[in-house]
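Below is one structure, written out as structure tokens; comments come after it.
The values are calculated or read from the model by the stated rules, or taken from the named source; none is laboratory data. What you see is a predicted model, and the numbers here were worked out from it, not measured in a lab. Cβ placement follows ideal geometry from the backbone for every residue including glycine, while neighbour counts extend to all protein chains displayed.
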Amino acid sequence: MSIPTQFIQIDEEGFGLSRDIRIQDPLVGQELLQNLKIHEGGTLLSTIGETPVIVEAFDEPYVASQVHLKEDGVWEISLPYGVHYSFQLECLSLDEWDRFHGYTSNNIPFVFSRKAQASFFNLLDEYGDDFIEFQGKTYDIPNYWPSNENVEKETYWSSIYKEEANPGWNLGEPAEALKDMIPRLKIARSRVLVLGCGEGHDAALFAAAGHFVTAVDISPEAIERAKKNYGHLSNLTFVEADLFKLPRDYDQAFDIVFEHTCYCAINPAKRQELVKVWNRVLVSGGHLMGVFFTFEKRQGPPYGGTEWELRQRLKSHYHPIFWGRWQKSIPRRQGKELFIYTKKN
């Protein structure tokens, strides 16, 4: 199945958006939500007026406005436009902001609104930090992100580089969004840090634009490949290091941090720690720039993410200058990328 060329958004309350205007027609909204499907690779697809569209959801594709227990004992969520779907208690998980996530009967991810979550608690016999009880049965509620400490090891990544000539994350060139945005942003010559640089394509683009670039990767195999590709660039330095153990002379030493396929690769339990790394290495008023994945994938790497999650992580320390879904990516990433350019407070 080919990927559509038209886009529709779903906002953080679960309503459709067309050209930034909330869809009011219930029939159009019902079509959008009821025809949602997850394409290979995580791209969300649906139809509007029977026209195929890519769906860009700010949070989970389904945002439950309310939750009900029907007379026949079936759990059901209410969505905008009068749409309803059933779900099983066994599918629930809890994110670090104490929000319940799950999957509907048609296997589309959902999240409870605060109102729905309050109603849900009122229907339970008991609940705690990691369990719920209903009709005498206890259900363990796992963390949304399963921990994966293997990805924290250099050997994990180096083994992939040794086994694969072209790992899945390697585009063989800079990110499409970066190639488009660097000329448009007109950034003054800056000290740029690229974490999880891989073979160095993004870092080299910054260097070619005249910036002074430090590119870090935990894998010596990656650094070796990067040096073979771009070691001739005098304003580009490659460093083998664990990004969570950077030396103190990196503190407030950079004007820009660029993120691309690092946030999605680390143990998700350490994402907030990565934000702290960005905060530490950036000067006051420095900029975080990045290409982030926006799709549902709890097992990785790569791990998925949402705009809602990223906004939560950044809102205390960064002000968005540009924040938008990227609609001109390569085919296998179309509908799944977010480009941001933010300023550190």
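Does region 79-94 contain at least one residue that is under 30 Å from Gly196 (Cβ atoms), of a type outside the set (Ser, Thr, Tyr) and touching a residue at least 40 places away in the same chain (Cβ under 8 Å)? Quick ask: steps written out before the conclusion?
Our first condition is that a residue be under 30 Å from Gly196 (Cβ atoms); within region 79-94, this holds for 93-94.
Retained after the next criterion (residues that are of a type outside the set (Ser, Thr, Tyr)): 94.
Applying the additional criterion that residues be touching a residue at least 40 places away in the same chain (Cβ under 8 Å) yields 94.
Yes, region 79-94 contains at least one residue that is under 30 Å from Gly196 (Cβ atoms), of a type outside the set (Ser, Thr, Tyr) and touching a residue at least 40 places away in the same chain (Cβ under 8 Å).
Could you tell me whether Thr155 is closer than 20 Å to Phe58 by Cβ and either in contact (Cβ under 8 Å) with a residue 40 or more places away in the chain or out of contact with any strand residue (DSSP E or B) (no Cβ under 9 Å at 6 or more places or on another chain) (or both)?
Details: closer than 20 Å to Phe58 by Cβ: no; either in contact (Cβ under 8 Å) with a residue 40 or more places away in the chain or out of contact with any strand residue (DSSP E or B) (no Cβ under 9 Å at 6 or more places or on another chain) (or both): yes.
Here the answer is no, as Thr155 does not meet what is asked.
Quick one: would you say Arg298 is assigned by TED's automatic domain parsing to the domain that holds Trp157 and within 16 Å of the chain's Cα centre (by Cα)?
On the way: assigned by TED's automatic domain parsing to the domain that holds Trp157: yes; within 16 Å of the chain's Cα centre (by Cα): yes.
Answer is yes for this residue.
Tell me whether region 3-14 contains one or more residues that are at pLDDT below 95 and among the acidic types (Asp, Glu).
Among the residues of region 3-14, not one is at pLDDT below 95 and among the acidic types (Asp, Glu), which makes the answer no.
Show the residue pairs meeting these rules: Cβ distance below 6 Å; 6+ apart or different chains; first residue within region 10-32 and without any contact (Cβ under 8 Å) to a residue 12 or more places away in the chain; second residue assigned to a loop (DSSP other than H, G, I, E, B).
Sorted first by the residue in region 10-32, then by its partner, the pairs are Leu17/Asp11; Arg22/Phe15.
Only residues that are hydroxyl-bearing (Ser, Thr, Tyr) and either out of contact with any Gly (no Cβ under 9 Å at 6 or more places or on another chain) or over 21 Å from Phe339 (Cβ atoms) (or both): list them for region 243-278, please. Outline the logic, then answer.
Restricting attention to region 243-278, the residues satisfying the condition of being hydroxyl-bearing (Ser, Thr, Tyr) are 250, 261, 263.
Within region 243-278, just Tyr250 meets the criteria.
Of all residues in region 62-83, which are assigned to a loop (DSSP other than H, G, I, E, B) and either acidic (Asp, Glu) or within 18 Å of Arg333 (Cβ to Cβ) (or both)?
To start, the set of residues in region 62-83 that are assigned to a loop (DSSP other than H, G, I, E, B) comprises 65, 70-74.
Glu71, Asp72 - these are the residues of region 62-83 that are assigned to a loop (DSSP other than H, G, I, E, B) and either acidic (Asp, Glu) or within 18 Å of Arg333 (Cβ to Cβ) (or both).
Which residues, taken from region 13-71, are hydroxyl-bearing (Ser, Thr, Tyr) and more than 23 Å from Ile3 (Cβ to Cβ)?
Our first condition is that a residue be hydroxyl-bearing (Ser, Thr, Tyr); within region 13-71, this holds for 18, 43, 46-47, 51, 62, 65.
Hit for region 13-71 is Ser65, nothing else.
Does Ala207 satisfy being without any contact (Cβ under 8 Å) to a residue 40 or more places away in the chain, in contact with a Leu (Cβ under 7 Å, 6 or more places away or on another chain), outside any helix (DSSP H, G or I) and assigned by TED's automatic domain parsing to the domain that holds Leu178?
Working: without any contact (Cβ under 8 Å) to a residue 40 or more places away in the chain: yes; in contact with a Leu (Cβ under 7 Å, 6 or more places away or on another chain): yes; outside any helix (DSSP H, G or I): no; assigned by TED's automatic domain parsing to the domain that holds Leu178: yes.
Criteria not met by Ala207.
Just to be sure I understand the filter: pairs with C-beta atoms under 6 Å, separated by 6 or more residues or on different chains, first member in region 41-60 and touching a residue at least 60 places away in the same chain (Cβ under 8 Å), second member among the hydroxyl-bearing types (Ser, Thr, Tyr) and outside any strand (DSSP E or B). Which pairs pass?
Short answer, once both residue conditions are applied: Asp59/Thr306.
Within region 222-236, can one find any residue that is over 16 Å from Trp169 (Cβ atoms), among the hydroxyl-bearing types (Ser, Thr, Tyr), outside the structural domain of Lys37 (by TED's automatic domain parsing) and at pLDDT 95 or above? Before you say what the answer is, go through the steps one by one.
Looking only at region 222-236, we keep the residues that are over 16 Å from Trp169 (Cβ atoms), and these are 224, 227-228, 230-236.
With among the hydroxyl-bearing types (Ser, Thr, Tyr) added as a condition, the list becomes 230, 234.
Checking which are outside the structural domain of Lys37 (by TED's automatic domain parsing) leaves us with 230, 234.
Checking the rest, the ones that are also at pLDDT 95 or above come to 230, 234.
Within region 222-236, one or more residues are over 16 Å from Trp169 (Cβ atoms), among the hydroxyl-bearing types (Ser, Thr, Tyr), outside the structural domain of Lys37 (by TED's automatic domain parsing) and at pLDDT 95 or above.
Tell me, please, whether a residue that is assigned by TED's automatic domain parsing to the domain that holds Val111, closer than 21 Å to Phe295 by Cβ and without any contact (Cβ under 8 Å) to a residue 40 or more places away in the chain can be found in region 63-70.
Among the residues of region 63-70, not one is assigned by TED's automatic domain parsing to the domain that holds Val111, closer than 21 Å to Phe295 by Cβ and without any contact (Cβ under 8 Å) to a residue 40 or more places away in the chain, which makes the answer no.
Suppose we keep only residues that are out of contact with any Gly (no Cβ under 9 Å at 6 or more places or on another chain) and part of a strand (DSSP E or B) within region 47-61. Which one would you say is nearest to Leu124 (Cα to Cα)?
Step by step, filter region 47-61, then rank; the result is Thr47.
Just to check your reading of the model, which residue among Ser113, Ser147 is modelled with pLDDT under 95 and within 27 Å of Cys264 (Cβ to Cβ)?
Working: Ser113 fails: modelled with pLDDT under 95.
Matching residue, one of Ser113, Ser147: Ser147.
Output the number of residues of region 272-295 satisfying the condition of being under 16 Å from Tyr144 (Cβ atoms) and either crowded, with 18+ Cβ neighbours inside 10 Å or outside the structural domain of Asn170 (by TED's automatic domain parsing) (or both). Break it down into steps so the answer makes sense when it comes.
Our first condition is that a residue be under 16 Å from Tyr144 (Cβ atoms); within region 272-295, this holds for 272, 293-295.
From what's left, either crowded, with 18+ Cβ neighbours inside 10 Å or outside the structural domain of Asn170 (by TED's automatic domain parsing) (or both): 293-295.
So the answer is 3.
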